[in-house]
Amino acid sequence: MSKGKQSGEDVFDIQRIREIVKLMEEHELTEVDLQQGDDRIKLGRAGQPVVMHAAAAPAPMVHASSAPAPGPSAAAAPVDDGTITINAPMVGTFYSRANPESEPFVQVGQMVSPDTIVCIVEAMKVFNEIPAECSGKVVEVLVADHGAVDFGKPMFRVQPNP
């Protein structure tokens, strides 16, 4: 989306940011990530914090919408029955296995550790391996293979180690 600094456009121009936020709302986008040279801006909406990063120093957090903040983030979140959930860290397509011929990354009853890869979430043609980020036994898979996930959507329930 950016043409680089040589074109005279500034990705951090406040009017341009407002236009991007308006387009995000019109097209129901939850996140936009732009880079111009070493500078980068990442915008999120629907209550997700908007974080602006410049190469030199971090910028303050701003909200693109006044919607209520979402529940727990992509990290494991507690559930009432003593289990915790592993939530989607991004919007994308959930894959339980590396390819159709492979075994699933994890199955119900399997023990996981924080670095265990539990699934892949494809976002914008990028296949992101998702680690458990917790330890315990998988008690439920909450998403169908090839199903869509949203940011923060529970994908697995895990009974934590005592």
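Details
- Test result for E140, outside the structural domain of T30 (by TED's automatic domain parsing), modelled with pLDDT of 90 or more, closer than 26 Å to L29 by Cβ and of a type in the set (D, E): no
- The residues on offer are V91, V106, and the sole one that is assigned by TED's automatic domain parsing to the domain that holds V121, over 19 Å from the mean Cα position of the chain (by Cα) and either at pLDDT 90 or above or of a type in the set (G, A, S) (or both) is V106.
- Test: residue in the range 143-154 that is in contact (Cβ under 8 Å) with a residue 24 or more places away in the chain, part of a strand (DSSP E or B) and under 18 Å from G82 (Cβ atoms): yes
- Within the range 109-131, considering residues that are modelled with pLDDT under 90 and part of a loop (DSSP other than H, G, I, E, B), the one nearest to E31 (Cα to Cα): M124
The values are calculated or read from the model by the stated rules, or taken from the named source; none is laboratory data. The structure displayed is predicted, hence computed values, not measured ones. Glycine gets a Cβ as well: all are built from the backbone with ideal geometry, and neighbour counts include every protein chain shown.
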